[in-house]
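So the structure is just underneath, and the comments pick up after that.
The values are calculated or read from the model by the stated rules, or taken from the named source; none is laboratory data. It should be emphasised that the depicted structure is a prediction, and the values quoted were computed from it without experimental measurement. Here the Cβ positions follow ideal geometry from the backbone for every residue, glycine too, while neighbour counts run over all protein chains shown. In case anyone asks, the SASA skips ligands and DNA or RNA and just uses the protein heavy atoms, side chains included. Shrake-Rupley method; radii C 1.70, N 1.55, O 1.52, S 1.80 Å.
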Amino acid sequence: MSHLLHVDSSFAPEGSVSRGIAAAYVEAWRGRNPQGTVTHRDLAATPPPHLSWTLVSSGFADPEQLTSEQAEAVRIREEYLAEVEKADEYVISVPMYNYSYPSTIKAWLDQIIVMGRTAGGAAGDGVLAGRKVTVVTAQGGSYAPGTPKEGWDHQVPYLRHAFEVLGADDIEFVTVVMTLSTVNPALAQFKDVFQASLEAAELSVRERAAA
């Protein structure tokens, strides 16, 4: 039975572009997999613990000799690892905050990147190898070549590298740009760009989920 892991990270419970596009993916996926299972992990509702010495040090200790704090940190990590390892397809939505990604996404990745278990260090060598990974990103502006803030995108490049470390070799990024054009008067002239980007993103994820 097919199993989709759906991860959201926007702190906006309503009106989130990234959540909306990811939801469209899930809807189309359910249409293709009516008997499939979807696990939804909302990183904003339940933020993952940040990486700590308590967790890292547990990896160098005898499992029978862990402190109560280490054992709890390991238990929490195992929950995240189990979700990733059990799924065979993934959709992850990530907004851009201050030219980067939410800290909850970094914390989640720090929980699931375990060298020798989930991560091999290169595409095709890790838990995501051979599995479809779709990353939905939303950006308030645009960082395309030739734009005033070209090179300021510290969201997509990092995410691509992180998922490749986890072995992703079938990964697609779907990005909606100019999301702030509807609320920032200085960007109002780009509303059409945003709308076109939004429609293209929804079409793209629906086609990918149904394939």
- Note on the structure: Of every Cα-Cα pair in region 107-163, the percentage lying beyond 15 Å is 58 percent
- Note on the structure: Over all viewing directions the Cα convex hull of region 20-133 casts an average projected area in nm² of 8.9 nm²
- Note on the structure: Ordered by number, the trypsin sites (Lys or Arg not before Pro) in region 136-196 that occupy a DSSP loop and have at most 14 other Cβ atoms within 10 Å are Lys149
- Query: Under a straight-distance cross-link criterion of Cα-Cα below 16 Å, which aspartates and glutamates are reachable from Lys86, leaving out those fewer than 8 residues away in the same chain?
  - Reply: Glu78
- In degrees, nearest ten, helix 17-32 long axis to first principal axis of the chain (Cα): 70 degrees
- What are the lysines whose alpha-carbon lies under 30 Å from the alpha-carbon of Lys149, with same-chain residues fewer than 8 places away excluded? Lys106, Lys191
- Along each of its three principal axes, how wide is the spread of alpha-carbon positions in region 145-211, in whole angstrom units, largest first? 41, 30, 20
- Angle in degrees between helix 156-165 and the longest Cα principal axis of the chain, rounded to the nearest 10: 30 degrees
- Note on the structure: Mean separation of Cα contacts under 8 Å (at least 6 apart) over the residue count of region 1-77, i.e. the relative contact order in percent, is 35 percent
- Extreme residue, positive dipole direction of the chain, given options Ala123, Leu198, Gly36 (C-beta unit charges): Leu198
- Message: If a paramagnetic tag sat 7 Å from the Cα of Ser52 along the Cα-Cβ line, which residues of region 85-107 would have the backbone N under 17 Å from that point?
- Response: 104, 107
- With the full set of protein chains in place, find how many percent of the accessible area of region 134-211 is carbon and sulfur; take the probe as 1.4 Å. 57 percent
- Message: Could you compute how fast region 78-129 diffuses translationally, taking Rh as the Kirkwood radius over C-alpha pairs and applying Stokes-Einstein at 25 °C with viscosity 0.890 mPa s? Give it in µm² per second.
- Response: 202 µm²/s
- Loop-located chymotrypsin sites (Phe, Trp or Tyr not before Pro) in region 1-90 whose Cβ has at most 13 other Cβ within 10 Å (DSSP): Phe60
- Please quote Rg/Rh for region 1-59 to two decimal places, taking the Kirkwood radius as Rh and restricting both calculations to Cα atoms. 1.12
- Task: Enter the accessible area per residue of region 129-211 (Å², integer; probe 1.4 Å; all protein chains in place).
- Result: 50 Å²
- Could you tell me how many degrees, from 0 to 90 and to the nearest 10, lie between the Cα long axis of helix 103-112 and the main elongation axis, the longest principal axis, of the Cα atoms of the chain? 40 degrees
- Can you send over the carbon and sulfur percentage of the accessible area for region 1-116, probe radius 1.4 Å, protein chains only? 54 percent
- Given a 1.4 Å probe, how much area per residue of region 1-54 is accessible, in Å²? 52 Å²
- Query: Label points 7 Å out from Cα along the Cβ direction at Glu72 and Ala196: separation in nm?
  - Reply: 5.3 nm
- Item | Pairs of Cα atoms farther than 24 Å apart, the chain, % | 44 percent
